[in-house]
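Take a look at the structure set out below.
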Amino acid sequence: MTAQKLSISLPPSQVQFIENYKISKGCKSRSQVIEKALALLQEKELEAAYKQASQEIDEVWEITVTDGLSNETW
């Protein structure tokens, strides 16, 4: 993976949290802490998208699923 360098501004409390997390969890750098946080954020977004998609009902698919074939063994 090719990394790009970014410059961000954070409140002192968040910088301290990052530093404490880095030390307590054995992360190699602040960047690694940020990477972990972003991965969790991406996972949360993906879960939300899957949840929304699972709530959408495709009536044509529902008819196909319930086409009279119940508990058949192939």
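What the table below lists for this structure:
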| quantity | calculated |
| --- | --- |
| Linear extension gain, residue 23 paired with residue 5, 0.36 nm per residue minus alpha-carbon span | 4.3 nm |
| For region 32-45, Karplus couplings with θ = phi - 60° (6.51, -1.76, 1.60), whole Hz, Gly/Pro x | 5, 5, 5, 4, 4, 5, 5, 4, 5, 5, 4, 4, 4, 5 |
| Distance between modelled label sites at residue 51 and residue 32, nm, 7 Å Cα→Cβ extension | 3.1 |
| Ranked packing of 22-32, 3-13, 42-52, most packed first, by mean Cβ within 10 Å | 22-32, 42-52, 3-13 |
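Computed from the coordinates by the stated procedures, all read-outs in this text should not be read as laboratory data. If you're wondering where the values come from, they're calculated on a predicted model, not measured in any experiment. In this analysis, Cβ positions are derived from the backbone assuming ideal geometry, glycine residues included, and neighbour counts consider all displayed protein chains.
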